[in-house]
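One structure is given below, encoded as structure tokens.
Read the figures in this text as sums done on the coordinates, not as results from a lab. Quick caveat, the model's predicted, so the values are computed rather than measured. We place every Cβ from the backbone using ideal geometry, glycine too, and count neighbours over all the protein chains shown.
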Amino acid sequence: MDITPVVNAVIALAAAVITVFVIPWIKSKTTAAQREEINAWVKIAVTAAEQIYKGTGMGKEKKKYVLDFLAEKNLRIDEESVDLMIESAVKNMNEAFGKKGEI
């Protein structure tokens with residue numbers, strides 16, 4: 001009895017299951033971990049930018065510093081998400097220190 005067709009069918013089924021379920025699950029976990037890492041780096045960069053560029057009206061310089069810092073870390077994320085993370089980090093920092101302002 002030749003079981004080659006059965007083995008081929010099992011391999012094809014396993015490949016389909018991996019493609020449909022396992023790979024998307026791994027990607028979703030990796031993306032979440034990456035976003036957490038990027039968010040942590042954004043918080044560090046925002047705090048550093050606040051220390052380096054003191055005073056009002058320095059928002060563009062601060063944002064450029066944060067974006068350059070993230071680029072140096074080879075962190076890739078769309079600009080809109082980075083902007084939201086920066087705004088969130090600034091808001092949290094300002095609330096913690098009782099300040100109002102922008103980066």
Candidates K62, K43, K54, ranked by Gaussian network fluctuation over the chain, Cα under 10 Å, top entry: K54
Modelled label-to-label distance, S88 and A9, 7 Å Cα→beta-carbon offset: nm? 4.8 nm
Quick one: 3J(HN,Hα) in Hz for the stretch 52-64, Karplus 6.51/-1.76/1.60 with θ = phi - 60°, rounded, Gly and Pro as x. 6, 9, 8, x, 8, x, 10, x, 5, 5, 5, 5, 4
Sequence neighbours fewer than 8 away in the same chain don't count; with that in mind, list the aspartates and glutamates whose C-alpha is under 20 Å from K73. E36, E37, E50, E61, D83, E87
The ³J(HN,Hα) series, computed from each phi in the stretch 8-15 with the Karplus coefficients 6.51, -1.76 and 1.60 at θ = phi - 60°, rounded to the nearest Hz and given as x for glycine or proline, is 4, 5, 5, 5, 4, 5, 4, 4
Can you give me the convex hull volume of the Cα atoms of the chain, divided per residue and expressed in Å³? 108 Å³
Here the stretch 65-73 yields Karplus 3J(HN,Hα) values (6.51, -1.76, 1.60; θ = phi - 60°; whole Hz; Gly and Pro given as x) of 4, 4, 5, 5, 4, 5, 5, 4, 7
Normalised contact order of the chain, rounded percent, pairs of Cα under 8 Å and 6 or more residues apart: 29 percent
